[in-house]
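> Before we start, here is the structure in question, set down as structure tokens.
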Amino acid sequence: MLTKVAIVGRPNVGKSTLFNRFIGRKKAIIHDTPGTTRDRNDYEVNWKDKKFIVTDTAGWSGDESVFSKDMERQLNLAVEQADIILFVVDGKIGIHPFDAEIAKQIRQSKKTAILVVNKIDTQAEETKGYEFYSLGFDEVVFISANHGRSINELLDKVWSNI
Ligand code: GDP
Ligand code: MG
């Protein structure tokens, strides 16, 4: 069984951009997995001598002002089905209340998780992302999914957890 890597996080943090970045980097094979949730994308990624399946989780819909039971359910489903969680946050905005909720759920799962501080488009912006260390994750990487910054570093972190 291939290792399953799920990209999770609140809306607009750049999950799909990161997913597309993974796909663009290596020629990924499309897996049209029947029976999986609508809006879910699974791709096989090759990195160095290892392979994994990356899943872009569906976007939340409806009222996004409160962290709902529905959001919790969707998150838990994605987390349950994954071996490694990439928890994406928005480094430009800083910690959002939902980030703390998501962090809590991920911690409860006891799964391997990497905190991905996205939208760090330049080295100078990295200090902005330091506040995310307070979410309590051991593995943290500062990336720009848009610019492709530190994607190799992230892939290496995934690789070392497979
Ligand atoms: P999702 O809702 O988490 O899947 O987020 P999307 O991938 O759809 O991206 C949401 C917005 O954030 C889009 O306008 C992206 O262009 C933007 N975005 C994604 N990654 C980056 C990044 O690394 N830097 C910046 N500045 N914007 C980004
Ligand atoms: Mg998306």
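> Suppose we keep only residues that are over 20 Å from Gln74 (Cβ atoms) and at pLDDT below 90 within the range 1-21. Which one would you say is surrounded by the fewest Cβ atoms within 10 Å (Cβ to Cβ)? Steps first, answer last, please.
Initially, the range 1-21 is screened for residues over 20 Å from Gln74 (Cβ atoms), giving 1-3, 20-21.
Going one step further and asking which of them are at pLDDT below 90, we end up with 1, 20.
Details: Met1: 5, Asn20: 15.
Among residues in the range 1-21 that are over 20 Å from Gln74 (Cβ atoms) and at pLDDT below 90, the one surrounded by the fewest Cβ atoms within 10 Å (Cβ to Cβ) is Met1.
> To continue, here is another question. What number of residues in the range 66-83 are β-branched (Val, Ile, Thr) and either more than 19 Å from His96 (Cβ to Cβ) or touching a residue at least 24 places away in the same chain (Cβ under 8 Å) (or both)? Give the steps one after another, and end with the answer.
We begin by selecting, within the range 66-83, every residue β-branched (Val, Ile, Thr); these are 66, 79.
Within this subset, residues satisfying the condition of being either more than 19 Å from His96 (Cβ to Cβ) or touching a residue at least 24 places away in the same chain (Cβ under 8 Å) (or both) are 79.
Residues flagged as β-branched (Val, Ile, Thr) and either more than 19 Å from His96 (Cβ to Cβ) or touching a residue at least 24 places away in the same chain (Cβ under 8 Å) (or both) within the range 66-83 amount to 1.
> What are the pairs with Cβ atoms under 7 angstrom where one residue, in the range 2-22, is assigned to a helix (DSSP H, G or I) and the other, located anywhere, is at pLDDT 90 or above and more than 12 Å from ligand 1 (Cβ to nearest atom)? Sequence gap at least six, or different chains.
Filtered contacts from the range 2-22: Phe19/Val54; Phe22/Val45; Phe22/Val54.
The values are calculated or read from the model by the stated rules, or taken from the named source; none is laboratory data. All values derive from a computational prediction rather than experimental measurement. For neighbour counting, all protein chains shown are included, and Cβ atoms are generated from backbone atoms with ideal geometry for every residue, glycine included.
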